[in-house]
Amino acid sequence: MNPGFILSKLARGSLTLLLTVSFVFIVLRASGDPAQIMLSDEASPAAIATFRERWGLDRSYLEQYLTYLTAVLQGDFGTSFRDGRPALDVVMERVPVTLLLGFTALLITLVLGIPSGIIAALFRGSWVDRLTMSFTILGHSIPNFFLGIILILVFSMTLRWLPSSGTGSFWHLLMPALTLGTAAAATIARFTRSSMLDVLHQPFMRTAKAKGIAHDKRILRHALPNAAIPVVTVLGMRIGGLIGGAVTIETVFAWPGLGMLLVNSVNQRDLAVVQAVVLLIAFTMVVVNLMVDLAYGWLDPRIEVHNRRVAKA
Amino acid sequence: MTSTDLSAMALPARRFGWLTRLWKSRPSLLIGLSLAWLALVVAMALFAEFLAPYGYADQSLLKRLQPPAALGGLPEYLLGTDNLGRDVLSRVIYAMRTSILIALMGTLIGACVGTVLGIVAAHFRGWVDDFIMMLVDFQAAIPFLIVALAVLAFFGNNFVLLVVLIGLFGWDGYARIARGLVLSTNGQGYAFAIRTLGVHPAKVYIRHVLPNMMGVIMVQVTLNFPEIILLETSLSFLGLGVQPPGTSLGLLLGEGRNYLATAWWIGIPAGVVIFLTTLAISLVGDWLRDRLDPNLKGKPA
């Protein structure tokens, strides 16, 4: 992979991050006096004076912006007024819980979505195809918090099989991860199917058949790698959906992760924590998008060549 | 979608050709049902005062937590009552009004802002184009629910801010589409010819380019609208969108969540309405796309 390609993607990712930090800064300044907002109402005048001093609120906007930028780069997001700890610490201790939920949901997405999409494409027009496609439309339309509530109603309240909220065991993880994973699985199945159908109609598939390559090998070695690229794109886009979905799902199932922290912090206007969560999520998204872009170059060398050509033109 | 795909959409001959195409195709039963449901939802939203048996805040504390009529509740409360003795059916009907209204306004804002920015980007090219496309990439990179939550946290909740925020969701899709269409149209003979005649660019866009775009924009609306409903209901469900005493479908479901074990009928009907509405729009949207997008004709779905 050529370094120019990676560098241009890195620059783009950094730009997005810079935009997010600037966005948070502008919103923070536009919403009133940060000293009043970031500290609680009961803060002493001395604390407010220290705060103003530290963030340079008496200086020009440009200087304030640079101070803010430096602080963020150093991992200083201010202090949570709920318990006075650094906001970053409050946020980081929730990360593993959310990652556990997120990766399980991603696993469910892949295991449900990709095979069902492939099977639907291979048996196009059959009842398997129609059934899969019906499920994808249903899975796509049902709001995830509603699905979560239905699951709680059925499996916790009525059948009493699964715990409705909290964390601690595999059984606690099952319903939130399923709820979060199925919506994404619906999208992935749809894209896998259409992408497979596109590839199956390509001339090179006919050539492979004419050369006498076995059916299974044609599908595995020729069709799948070529169908993977749009699927990876959509998967990258769905990561954002997973993170957004985690916010509501964690609240439904009282899963003590980042999403619940964000909702609680917004409710209590613990703004240092809110901005830390937003910036952390932005950072995650940029890294994910970068990985998706790099995966392209690896899956399909043509993209890199194409990019280079566009850059020259 | 590449610009060559789109050029077929921008033929100058029949400006409202997409309307004729739509008129000529006959919908299936499923699409018919979806359209009927959507018509019902719109009717409920428009005529809530006349259709709802009670006001959405009318309480009768003696008749609290009544189950739906079919499950042994009182016959005058078709879907039962909530913890304050309010009629669930009436609340759902009024909630439809709020949710549909917010979604409509949000879609309108997003479509207008996005289309105009897309046209501006394609018209001026250069750094204007770069800047707008940078904003588009930025919008697509960060989950919007998170941004919305952050803005609501900083500014506090109010209805106007909520509508504006929801309107800003999805503008990037319209901008991308409008930009691509304008770029491909500007390369075509008719746009050049009109411009050579000395017609002002703004007039070219309004009179000739926009009408040609409407088909594609309509399809984008059907993709965007369910997502906007989900955004508003999610925010309201989390208690950060529409605030009581107002109602929204998401807020009703959020309120009903606390009574799942004892009175599930408080929240579930609102959830069903959200689900059926987004489902109906998605189905109609798929159907529209098949009808309106000539590129898909004859190709495997």
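The values are calculated or read from the model by the stated rules, or taken from the named source; none is laboratory data. Predicted model only: the values in this text are computed from it and were never measured. Neighbour counts run over all protein chains shown; Cβ positions are idealised from the backbone, glycine included.
Testing residue A:72 on (1) assigned by TED's automatic domain parsing to the domain that holds residue A:269; (2) crowded, with 18+ Cβ neighbours inside 10 Å; (3) over 18 Å from residue A:263 (Cα atoms), one condition comes back false. Which one is that?
Single failed check for residue A:72: (1).
So which residues in the stretch A:131-145 are hydroxyl-bearing (Ser, Thr, Tyr) and over 18 Å from residue A:176 (Cα atoms), if there are any at all? Steps first, please.
So the first thing to find is which residues in the stretch A:131-145 are hydroxyl-bearing (Ser, Thr, Tyr), and the list is A:132, A:134, A:136, A:141.
Scanning the stretch A:131-145 gives A:132, A:134, A:136.
Scan the stretch B:49-64 and tell me whether some residue there is within 25 Å of the chain's Cα centre (by Cα), of a type in the set (Ser, Thr, Tyr) and in a loop (DSSP other than H, G, I, E, B).
Yes: the stretch B:49-64 contains one or more residues that are within 25 Å of the chain's Cα centre (by Cα), of a type in the set (Ser, Thr, Tyr) and in a loop (DSSP other than H, G, I, E, B).
Can we say residue B:154 is among the hydrophobic types (A, V, I, L, M, F, W, C), under 30 Å from residue A:13 (Cβ atoms) and modelled with pLDDT under 85? Walk me through how you get there before you give the answer.
Details: among the hydrophobic types (A, V, I, L, M, F, W, C): yes; under 30 Å from residue A:13 (Cβ atoms): yes; modelled with pLDDT under 85: yes.
Considered against the rule, which asks whether it is among the hydrophobic types (A, V, I, L, M, F, W, C), under 30 Å from residue A:13 (Cβ atoms) and modelled with pLDDT under 85, residue B:154 comes out as yes.
Let me spell it out: the conditions are (1) without any contact (Cβ under 8 Å) to a residue 40 or more places away in the chain; (2) surrounded by fewer than 23 Cβ atoms within 10 Å (Cβ to Cβ), and residue B:214 meets all of them except one. Which number is the exception?
Exception for residue B:214: condition (1).
Give me the residue from the stretch A:129-172 that is modelled with pLDDT under 85 and away from chain B (no Cβ under 14 Å) and, out of that set, surrounded by the most Cβ atoms within 10 Å (Cβ to Cβ).
Among residues in the stretch A:129-172 that are modelled with pLDDT under 85 and away from chain B (no Cβ under 14 Å), the one surrounded by the most Cβ atoms within 10 Å (Cβ to Cβ) is A:172.
Taking the stated definitions as given, is residue B:165 within 13 Å of another protein chain (Cβ to nearest Cβ) and in contact with a helix residue (DSSP H, G or I) (Cβ under 9 Å, 6 or more places away or on another chain)?
Details: within 13 Å of another protein chain (Cβ to nearest Cβ): yes; in contact with a helix residue (DSSP H, G or I) (Cβ under 9 Å, 6 or more places away or on another chain): yes.
So residue B:165 passes the test.
Within the group B:140, B:111, B:122, B:153, which residue is at the interface with another protein chain (Cβ under 10 Å from one of its Cβ atoms) and crowded, with 22+ Cβ neighbours inside 10 Å? Steps first, answer last, please.
Values: B:140 fails: crowded, with 22+ Cβ neighbours inside 10 Å; B:111 fails: at the interface with another protein chain (Cβ under 10 Å from one of its Cβ atoms); B:122 fails: at the interface with another protein chain (Cβ under 10 Å from one of its Cβ atoms).
Matching residue, one of B:140, B:111, B:122, B:153: B:153.
Please specify each residue of the stretch A:167-204 satisfying the condition of being of a type in the set (Phe, Trp, Tyr) and within 14 Å of residue A:118 (Cα to Cα). Let's see the steps before the verdict.
First, the residues of the stretch A:167-204 that are of a type in the set (Phe, Trp, Tyr): A:170-171, A:191, A:204.
Matches in the stretch A:167-204: A:191 only.
Test of understanding: among B:156, B:170, B:114, which residue is under 26 Å from residue A:267 (Cβ atoms) and under 21 Å from the mean Cα position of the chain (by Cα)? I'd like the intermediate steps shown before the answer.
Values: B:156 fails: under 21 Å from the mean Cα position of the chain (by Cα); B:114 fails: under 26 Å from residue A:267 (Cβ atoms).
Sole residue among the options that is under 26 Å from residue A:267 (Cβ atoms) and under 21 Å from the mean Cα position of the chain (by Cα): B:170.
Would you check which residues across the stretch A:267-289 are at pLDDT 85 or above and either closer than 18 Å to residue B:235 by Cβ or among the hydroxyl-bearing types (Ser, Thr, Tyr) (or both) and list them?
Within the stretch A:267-289, A:274, A:277, A:278, A:281, A:284 qualify.
Of all the helices (runs of 4 or more DSSP H) wholly in the stretch A:186-274, which have at least 3 residues that are within 14 Å of another protein chain (Cβ to nearest Cβ), within 23 Å of the chain's Cα centre (by Cα) and surrounded by fewer than 24 Cβ atoms within 10 Å (Cβ to Cβ)?
Values: elements: A:203-210, A:224-252, A:258-267.
By residue number, A:224-252, A:258-267.
Within the bounds of the stretch B:269-284, is there any residue that is touching a Leu at 6+ places or on another chain (Cβ under 7 Å), over 21 Å from residue A:142 (Cβ atoms), more than 11 Å from chain A (Cβ to nearest Cβ) and not basic (Lys, Arg)?
Within the stretch B:269-284, not a single residue is touching a Leu at 6+ places or on another chain (Cβ under 7 Å), over 21 Å from residue A:142 (Cβ atoms), more than 11 Å from chain A (Cβ to nearest Cβ) and not basic (Lys, Arg).
Just checking, does the stretch A:181-198 include any residue being touching a helix residue (DSSP H, G or I) at 6+ places or on another chain (Cβ under 7 Å), over 30 Å from residue A:146 (Cβ atoms) and of a type in the set (A, V, I, L, M)?
Filtering the stretch A:181-198 for residues touching a helix residue (DSSP H, G or I) at 6+ places or on another chain (Cβ under 7 Å) gives A:181-193, A:195-197.
Okay, now just the ones that are also over 30 Å from residue A:146 (Cβ atoms), so A:196-197.
From what is left, the residues that are of a type in the set (A, V, I, L, M) are A:196-197.
So far as the stretch A:181-198 goes, yes, one or more of its residues are touching a helix residue (DSSP H, G or I) at 6+ places or on another chain (Cβ under 7 Å), over 30 Å from residue A:146 (Cβ atoms) and of a type in the set (A, V, I, L, M).
Quick check on my filter: what residues within the stretch B:235-249 are crowded, with 22+ Cβ neighbours inside 10 Å and more than 8 Å from chain A (Cβ to nearest Cβ)?
Within the stretch B:235-249, B:235, B:236, B:241, B:242, B:247, B:248, B:249 meet the criteria.
In the set B:176, B:195, which member is of a type outside the set (Val, Ile, Thr) and free of Cβ contacts under 8 Å to residues at least 24 places away in the same chain? I'd like the intermediate steps shown before the answer.
Numbers: B:176 fails: free of Cβ contacts under 8 Å to residues at least 24 places away in the same chain.
It is B:195.
Regarding the stretch B:254-262, can at least one residue be identified that is farther than 29 Å from residue B:172 by Cα, buried (at least 17 other Cβ atoms within 10 Å of the Cβ), touching a residue at least 24 places away in the same chain (Cβ under 8 Å) and within 14 Å of chain A (Cβ to nearest Cβ)?
Narrowing the stretch B:254-262 to residues farther than 29 Å from residue B:172 by Cα: B:254-262.
Next, from what is left, pick out any that are buried (at least 17 other Cβ atoms within 10 Å of the Cβ): B:254-257, B:260.
Of the ones still in play, those that are also touching a residue at least 24 places away in the same chain (Cβ under 8 Å) are B:255-256.
Narrowing further to those that are within 14 Å of chain A (Cβ to nearest Cβ): B:255-256.
Taking every residue of the stretch B:254-262 in turn, at least one turns out to be farther than 29 Å from residue B:172 by Cα, buried (at least 17 other Cβ atoms within 10 Å of the Cβ), touching a residue at least 24 places away in the same chain (Cβ under 8 Å) and within 14 Å of chain A (Cβ to nearest Cβ).
Could you tell me whether any residue of the stretch A:21-36 is over 25 Å from residue B:148 (Cβ atoms), at pLDDT 75 or above, surrounded by fewer than 16 Cβ atoms within 10 Å (Cβ to Cβ) and not β-branched (Val, Ile, Thr)?
no
Every residue, every condition in (1) under 21 Å from residue B:269 (Cβ atoms); (2) of a type in the set (A, V, I, L, M, F, W, C), yes or no:
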| residue | (1), (2) |
| --- | --- |
| B:193 | no, yes |
| B:197 | no, yes |
| B:203 | no, no |
| B:207 | no, no |
| B:214 | no, yes |
| B:223 | no, yes |
| B:226 | yes, no |
| B:237 | yes, yes |
| B:242 | yes, yes |
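Name the pairs: first residue in the stretch A:111-124 and within 18 Å of residue A:216 (Cβ to Cβ) and free of Cβ contacts under 8 Å to residues at least 24 places away in the same chain, second residue surrounded by 18 or more Cβ atoms within 10 Å (Cβ to Cβ) and polar (S, T, N, Q), Cβ to Cβ under 8 Å, at least 6 apart or on different chains?
A:119/A:132
Identify, by number, the condition in (1) more than 25 Å from residue B:126 (Cα to Cα); (2) touching a residue at least 24 places away in the same chain (Cβ under 8 Å); (3) among the small types (Gly, Ala, Ser) that residue B:184 doesn't meet.
Among (1) more than 25 Å from residue B:126 (Cα to Cα); (2) touching a residue at least 24 places away in the same chain (Cβ under 8 Å); (3) among the small types (Gly, Ala, Ser), residue B:184 violates only (1).
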